[in-house]
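Take a look at the structure below.
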Amino acid sequence: MSGDSASGPLSRSRERARVRARTLRESPTDAESLLWYHLRDRRLAGFKFRRQRPIGPYFADFACLEARLVVELDGGQHVDEAGYDERRTALMNAEGFHVLRFWNNEVLAQTEAVLEVILRALQEGADPHPNPLPLAGEGARHQEQIQ
């Protein structure tokens, strides 16, 4: 068999998303590079962030899947694209993510203040996912031992 299930339209769209995400990661803005330095490798309170993470048809600048938090950085072009940004935010909220937005100049000039806002959102535990996965593996066994 030739493995037709791996070559269908879904895999082509996944491949396009993977290539697009890689392209976005290869050409970050100065603000994205600076913020990524502080978010990568679990540097912010041990939370794992991903860059240019596909969520629906959009790519989140930064996403922490465990906390269901998206951080978006906006440059000057976003002033004219407010409706587009509102639709992106609404879709990400519908997917169970809390979205924080910062201007590029905020990240560059007030990095510590931006990191504090992100950390507070992580610690407050943004709205839980509407359909959380059940505990499994060691986490479930540990929970059973406690009860």
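Search the range 79-92 for residues being free of Cβ contacts under 8 Å to residues at least 12 places away in the same chain and assigned to a helix (DSSP H, G or I), and hand back the single one that is surrounded by the fewest Cβ atoms within 10 Å (Cβ to Cβ).
That would be Gly83.
The rows are residues; the columns are (1) under 15 Å from the mean Cα position of the chain (by Cα); (2) polar (S, T, N, Q); (3) at pLDDT below 75.
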site: Ala82; (1), (2), (3): no, no, no
site: Arg88; (1), (2), (3): yes, no, no
site: Asn93; (1), (2), (3): yes, yes, no
site: Leu100; (1), (2), (3): yes, no, no
site: Glu106; (1), (2), (3): no, no, no
site: Thr111; (1), (2), (3): no, yes, no
site: Gln123; (1), (2), (3): no, yes, no
site: Leu135; (1), (2), (3): no, no, yes
site: Ala140; (1), (2), (3): no, no, yes
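Can you name the residue in the range 34-73 that is part of a loop (DSSP other than H, G, I, E, B) and aromatic (Phe, Trp, Tyr) and, of all such residues, is nearest to Arg120 (Cα to Cα)?
Phe47
The values are calculated or read from the model by the stated rules, or taken from the named source; none is laboratory data. As the structure is a prediction and not an experimental result, all values here were calculated from the model. Methodologically, a virtual Cβ is constructed for each residue, glycine included, from the backbone with ideal geometry; neighbour enumeration extends over all protein chains shown.
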